[in-house]
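The values are calculated or read from the model by the stated rules, or taken from the named source; none is laboratory data. Being a predicted model, the structure only gives us computed values, none of them experimental. Positions of Cβ are backbone-derived with ideal geometry, glycine not excepted, and every protein chain shown enters the neighbour counts. SASA here: full protein model, heavy atoms, side chains in, ligands and nucleic acids out. Shrake-Rupley method; radii C 1.70, N 1.55, O 1.52, S 1.80 Å.
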Amino acid sequence: MPMSFIGALLLVACTTTVISDQERALPSTQNQALDLQDGEVLTADMEQSFIAFVGSKSNIISHEGRFHSFDVRITPDSVDPRNPERASVEVTIDIESIETDAPGLTTHLKSADFFSVDQYPQARFTSVSIRRESGENYIVEGDLTIRNVTERISFAAVITSQYMTMSYDLDRTMFGVGPPAEGVAAIDALVPLEVKIVFQ
């Protein structure tokens with residue numbers, strides 16, 4: 001069987017997405033600038049929120065996945081609670097809740113070859129700074145911990161009083177997730193993340 005035909009079959013097999021267009025839709029209410037009230041902690045409405053990713057192998061095949069269990073909190077500063085740049089963002093992800101478009105891959109990602117969920121059941125992000133760029137556009141910087149490895153990362157995010165969205169290319173090799181990104185059939189080092197958090 002020609003390799004081009006095999007490749008086409010693999011791509012067709014992976015077109016099913018774990019995130020629907022309806023899930024990606026943002027709240028229809030008018031956007032309002034992030035305005036934290038005294039003591040107000042913004043948390044995720046899990047029915048409208050998702051953390052998703054795409055893993056690829058040398059432009060040959062890609063798989064989509066998501067985490068079903070996570071906690072996101074935006075907490076105002078105790079001294080200057082109305083200033084969003086003084087707030088903090090905390091994210092905890094239960095790695096065991098991972099789901100991909102291929103059950104066998106889901107099981108493999110939980111193993112010691114990748115996330116090793118028995119030993120490292122959670123990933124965590126804690127912000128160290130939030131900087132407004134313009135309007136509802138922010139740069140969030142903080143520490144991400146996966147498999148007990150902590151690295152400082154920064155990403156662009158849109159944050160309003162209704163929701164937060166962001167996209168980020170995560171270098172999995174920085175955290176020892178999966179094999180080295182080398183060789184013809186190697187898994188790509190960069191894993192695009194897509195996040196939509198609707199606040200309760």
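So what's the angle, to the nearest 10 degrees on a 0 to 90 scale, between helix 3-13 and the longest Cα principal axis of the chain?
Taking the Cα atoms of the chain, the angle to 3-13 is about 40 degrees.
Taking the simple approach of a point 7 Å from Cα along Cα-to-Cβ for both Gln32 and Leu190, what is their distance in nm?
Computed distance between label sites Gln32 and Leu190 equals 3.7 nm.
Pick out, from Pro180, Gly142, Ala87, the residue whose Cα sits farthest towards the positive end of the charge dipole of the stretch 68-200, with +1 on the Cβ of Lys and Arg and -1 on the Cβ of Asp and Glu.
Towards the positive end, the residue furthest out is Ala87.
Which net charge results for the neighbourhood of Glu64, defined as the other residues with beta-carbon distances under 10 angstrom from its beta-carbon, given Lys and Arg at +1 and Asp and Glu at -1?
Spelling it out: positives minus negatives among the neighbours equals -2.
With a 10 Å cut-off between alpha carbons and a GNM built on the chain, which of Glu99, Glu90, Glu133 moves the most?
It is Glu133.
Between Asn83 and Glu151, what is the spin-label point distance in nm, taking each point 7 Å from the Cα along the Cα→C-beta axis?
Taking the simple label geometry, Asn83 and Glu151 are separated by 3.1 nm.
Determine the per residue accessible area of the stretch 34-96 with all protein chains present and a 1.4 angstrom probe, expressed in square angstrom. Can you show the working numbers first?
Working: 3080 Å² over 63 residues.
Accessible surface, normalised per residue, equals 49 Å².
Given a 1.4 Å probe and every protein chain left where it sits, what share in percent of the accessible area of the chain is carbon and sulfur?
51 percent
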